[in-house]
Each structure stands twice: as C-alpha cells, then as structure tokens.
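The block underneath contains the structure these notes are about, expressed in structure tokens.
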C-alpha cells in the first residue's frame, strides 16, 4: 500500500479562485457558485483507493474548509509517497514553482502531473517543474492507478503515456498512450473520498453531482475537432467513446438511492446525444429502474444533434438542461476559424427545438476571435439575445468569455503561423478567458460583459420568474443571480461599442 494524495493547491489571485478542475478554459473567478467536480482526478483517486492504497483528497481551490494553512497541515500530516496534480497553461508556472519547493521540502514524495498542457508538452513540464512523472492523455485516471501499483511493486511494465526520470535524472517515455476501449472498466467515483457535496454550479438543482457518460465529442458530421478545443485534441486524441447505457443508469441509480441526488450533470463533451441507439436504450433502462421523474439529468450537447425527435426523447427520459456551445454568430468564424462543423442556422434551430420541448438551455459564447470585426461580434450578441428571449424558461442562461488558443491546439499553431497573437505565445499566464490575446477590432471584455448582462433584460427576468414552477426553480434563479454578479466583476469593461 502507498500513501497517495490527489491535490489542487490553494492558489488564488486578488481573492479570486482559479477555475481549473474539469474546466476546458481557465480564468480566476469572483463567483463562489462555480465549483465544478474535477472528475478525472476524482476517478484517479477512486481507482487508487479501490486498489488498496491510502488516498487523501485535497482540493483547496474548491473546498472552503481548506485554507492555505489547513491544506499544508493535512499534506504534512499525511506525508504522501505519491502526489498527483492537474496543470493547465495559464497556471503552469505556479505549479512549476510549487513542485520545485515541495521537492526541496519533501524529496521523498514522488510528484506526478497530468492535464491538457502536460499532455501536449510533457518534456517541458518535467524539465521546468522537476516532477518525477507526467501522465499523457485523458485516461490518466487509469495511468495513475497503474503507476501507483507499479511503484508499490504490484505489476510489471508501465503502459504507454507515462514520462519518467531514470536514476541518473534522464527523462524517458513509455510511448504513446492507448485509450481505454471499454469505459465500463472505470469504477464509479468514490463520492465520500472526493467530497462530492462541496461541488456544484448555480444552474443545477441541489443536491446535484456530476458524471461522465463518456469521453470525447461527436456531431452529425463525425468527430468534432473545433480548433480551440484543448480537451478534444490533447486528452481524447480526436475520438469519442461512451460507457454502456446500463453502466450509466447503474451509477445514477446509486446516486439517487444512496445520496439523495436530485440532479446529475453529464460533463462529457457532447453528452451521449450523438448516439441515438444509446439514447433509446438509456431511456428504456431509466424507465425500467423507475428513475424517470426521480432525478433530473443535465448534459452538454451540440446543436446539430438536437432534432425535434431527439429533444422529445431527452425530455421523456428526464433531461432538464442542455449546455450548448454557440461560440459565434459569424458564419466565417464557425467555418474558417474554429471549424465547428455547425452552421448558424443549425445552432439556432437546435436550441429552439430544445426550448420547444421545455428543455432549459445554457448557451456558451466566445468573442475575441482573430481579426473578428464588430459586425461579427454584433451577430454573436444578437443571436445570443434572440435565443435567450425565445420561449424563456426558468433556468435558461448563458456564459461568455474571451477566446483562448491554448498551446498545442490547432488554433494555437495557426495563430503563431499567421501572426494573430498580440501577446507573447510563450507567456502562459496570458492564456486566460478574461484577457484578449489575439488581433481583433472589438472591445472583447466589454462585449463579454454585455453578453452576461442579457440576464438582466426585463423580458428575460419576467419570463424566468413567471415560468418558475417550484422552490427548486426559485433557488436556481437566486443562485444564478449571485453567480452573475461574480461574472460581471470578472468581465467589467467600458460600455463602448453598440450591440443593443
């Protein structure tokens, strides 16, 4: 048995928390309502504990009990043999310094780093941090379990995807990672070990928790390969996989019966919506287990998949909310810049189909695209406003951020080639979705603020209130309002540029 810690150190900036775990994009946030369950690290911790190791879960970026001093005390008292941490480009330098300091203080602790930046640049991460291991790809929960067992002397050769140091300090790799073919092999998250109750977001009905129905993104035109999507390119290697419907239903049933969960959010990139056979079997099993009506399901989804028939099936299965990426209202940006494999018309129709069936929709928007014009930005604003005011239901909402071309993504390489950056591409701390990093003719932060402020449109407020049907709906509206105040602080800008 080894003593293993899976941790997020207590980093902050001017009182704001870093949105890192289970976040495709990064910023420091003023909102206390955004505490997303970092499921892949949670699965790594679960798998290690299931294999008999003594595991400590320390998420100081989300756990309000973990002050700086309390975090350090618990880590010191535990004295882990192996420590796993997730890193991302905008916060990588802080992790590099942290690992160096930790290795000086506690050289006997082996450090493993994972995440999208580590997957693209494993050698750089090892050299700059002094870490002992880097786990490459998105199935690092499995890789970590194998690494822990190997260090405990339990198995032989390590699988591909692990970078390590030999005794002389030379860096080596076990080769390319192989993705798990059968995701049903992955254990259900140990919710007690990983403090499930501290996580949640404003738009979810409490008590709520998260799961992954699969890994990767797919649409009507095949595998989704949006050029900005760091996870699809770094973690899933442009693939899409699903667990079996029976496996997902079994986890939901356990969450409802053992935890009293009222809502489950499926944070798989496009949910399971891309597989109609999967959805029909899932619907059948949810009814068979008597779960329809007992628990709400929310999920990510792509607009091009949201036909009238699919939305009707989702509603009948117990889906309540869909998180859908608009990204831009510009046909040029969708096709030529991010290659989303969706049209403006498909995005609008899919979201309207969902709303027609009574599904709540959370739309995500981005601005600050390379060479984006004010006309294109206005198109994004108008589309977001139109869809927010179309058959508004209590709980409808949107998110807005500045586009980030993370190191290693196709958009990053193209931006370097075409000279789109207005920041040093090697300045990782500039890669934050509350800062402008590429050439654009628009006031991007101001437009983000304007997009968030659509929530304050009188028609939206009135329709949200009159469609509230329960105390749960009112709670969602209240927590959503508190979260909105935080987001407006994050994107406070000058009221310039006309987008009304």
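Odds and ends about this structure:
- Helices (runs of 4 or more DSSP H) enclosed by the stretch 394-471 - at least 3 residues per element that are in the same structural domain as residue 204 (by TED's automatic domain parsing), over 22 Å from the mean Cα position of the chain (by Cα) and closer than 29 Å to residue 298 by Cα: 458-466
- In this entry, residue 48 is excluded by the filter for residues that are touching a helix residue (DSSP H, G or I) at 6+ places or on another chain (Cβ under 6 Å) and farther than 21 Å from residue 138 by Cα.
- Single unsatisfied condition, residue 269 versus (1) outside any helix (DSSP H, G or I); (2) out of contact with any helix residue (DSSP H, G or I) (no Cβ under 7 Å at 6 or more places or on another chain): (2)
- Meets criteria (in contact with a helix residue (DSSP H, G or I) (Cβ under 9 Å, 6 or more places away or on another chain), surrounded by fewer than 17 Cβ atoms within 10 Å (Cβ to Cβ) and either in a loop (DSSP other than H, G, I, E, B) or in the same structural domain as residue 469 (by TED's automatic domain parsing) (or both)) for residue 386: yes
- Hey, residue 44 surrounded by 22 or more Cβ atoms within 10 Å (Cβ to Cβ) and under 22 Å from residue 19 (Cα atoms) or not: yes
- Residue 408 vs. criteria touching a helix residue (DSSP H, G or I) at 6+ places or on another chain (Cβ under 7 Å), modelled with pLDDT of 95 or more, closer than 20 Å to residue 91 by Cα and surrounded by fewer than 20 Cβ atoms within 10 Å (Cβ to Cβ): yes
- Hey, residue 83 in a strand (DSSP E or B) and touching a residue at least 40 places away in the same chain (Cβ under 8 Å) or not: yes
- Residue tally, condition part of a strand (DSSP E or B) and either at pLDDT below 95 or surrounded by fewer than 21 Cβ atoms within 10 Å (Cβ to Cβ) (or both), over the stretch 229-245: 1
- Candidates 402, 436, 423: the one that is surrounded by 16 or more Cβ atoms within 10 Å (Cβ to Cβ) and over 18 Å from residue 329 (Cβ atoms) is 436.
- Residue in the stretch 334-349 that is surrounded by fewer than 22 Cβ atoms within 10 Å (Cβ to Cβ), at pLDDT 95 or above and touching a helix residue (DSSP H, G or I) at 6+ places or on another chain (Cβ under 6 Å) present: yes
The values are calculated or read from the model by the stated rules, or taken from the named source; none is laboratory data. These numbers come from a predicted model, not from an experiment. With ideal geometry, Cβ positions are generated from the backbone for all residues, glycine too; neighbour counts draw on all protein chains shown.
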